[in-house]
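Here the structure is laid out as structure tokens; the discussion comes afterwards.
The values are calculated or read from the model by the stated rules, or taken from the named source; none is laboratory data. Computed from a predicted structure; not experimentally measured. Here Cβ is always computed from backbone atoms with ideal geometry, including for glycine, and neighbour counts include all displayed protein chains. Heavy atoms of the whole protein, side chains included, go into the accessibility calculation; ligands, DNA and RNA do not. Shrake-Rupley method; radii C 1.70, N 1.55, O 1.52, S 1.80 Å.
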Amino acid sequence: MDLQALLSCTRCELSENRQRVVVGSGPNRPTVLVVGEAPGKTEDEGGEPFIGRSGQLLFKLIEEEVGITRLDCFVTNIAKCRPPNNRPPTPKECEACRPWLLEQLDSLSPRVVLSVGNTATRQLYGVKEGISEIHGHWFELNGVPGMATYHPAAGLRSPNTVIPMIREDLRKLKSQLDSQ
Ligand code: URA
């Protein structure tokens with residue numbers, strides 16, 4: 001992947017207000033490629049995805065249910081730049097950014113992809129359904145099995161209902177890894 005080209009990308013308007021392009025972080029051959037929505041304020045300043053509270057929750061659940069840590073995952077977002085006022089990235093912005101994600105998928109060769117939340121899931125797998133209908137379902141992305149679960153921010157907002165569902169989805173992800 002041409003990292004310099006990504007760091008100077010101007011394919012959409014999000015490039016105008018960003019502090020940094022949040023490329024992603026993790027090993028070259030990750031077990032899981034985790035795909036979130038877009039960087040928030042903390043990530044735009046820190047340059048790494050999921051470094052706030054929702055990331056802490058997500059990786060705690062992954063550790064407990066899958067038995068791997070953040071260090072086994074490459075973590076990125078469907079949109080690599082922060083949208084103003086933390087709005088979700090638009091379909092057009094996601095579309096402009098998607099080729100970067102596909103290049104990352106190709107060069108990282110993860111064993112599975114995990115999308116979190118509606119925006120990433122719809123854009124990544126090209127589906128219309130909401131996350132409540134398709135979480136825990138399997139898709140395929142350029143030959144790699146991909147699953148969707150709730151965004152951990154939803155888990156922080158409604159822990160009693162959402163966290164058990166994320167846990168159940170992650171157990172399916174573990175079964176997939178165990179069967180490979
Ligand atoms: N939420 C996301 O979807 N991605 C991040 O990087 C941080 C919070």
GNM flexibility winner over the chain from Gly155, Gly52, Gly143 (Cα, springs under 10 Å):
Gly143
If amide hydrogens are placed 1.01 Å from N in the peptide plane, which non-local residues have theirs closer than 5 Å to the one on Val113?
Leu33, Gly146, Met147
Under the rule of at least 5 residues apart or a separate chain, name every residue whose amide H is placed under 5 Å from the amide H of Glu37.
Ile78
Under Karplus coefficients 6.51, -1.76 and 1.60, residue-wise ³J(HN,Hα) of segment 141-156 in Hz, glycine/proline x
10, 6, x, 9, x, x, 10, 10, 9, 5, 6, x, 4, 5, x, 6
Once Arg18, Arg122, Arg171 are ranked on solvent-accessible area with the largest value leading and a 1.4 Å probe, the list reads Arg171, Arg122, Arg18
Heavy-atom accessible area per residue of the chain, all protein chains kept, 1.4 Å probe, expressed in Å², is 48
Counting only protein heavy atoms and using a 1.4 Å probe, what share of the accessible area of the chain belongs to carbon plus sulfur, as a whole percent?
47
Gln176 and Asn86 label points (each 7 Å along its Cα→Cβ direction) are spaced in nm at 2.9
In the structure shown, of Lys92/Lys128; Lys92/Lys174; Lys128/Lys172; Lys80/Lys128; Lys92/Lys172; Lys41/Lys80, the pairs separated by more than 24 angstrom at the C-alpha atoms are Lys92/Lys174; Lys92/Lys172
Mean-square fluctuation check for the chain, GNM, Cα pairs under 10 Å: which of Ala38, Ala120, Ala153 is largest?
Ala153
Theoretical FRET efficiency, 1/(1+(r/R0)^6), r = Cβ-Cβ of Arg53 and Ala5, R0 45 Å, to 0.05:
0.90
5 Å is the cut-off here: which amide hydrogens, built 1.01 Å from N in the peptide plane, fall below it relative to Tyr150, excluding neighbours closer than 5 in sequence?
Gly117
Under a plain spin-label model, where a point goes 7 Å from the Cα along Cα-to-Cβ, how far apart in nm are Ser158 and Arg20?
3.4
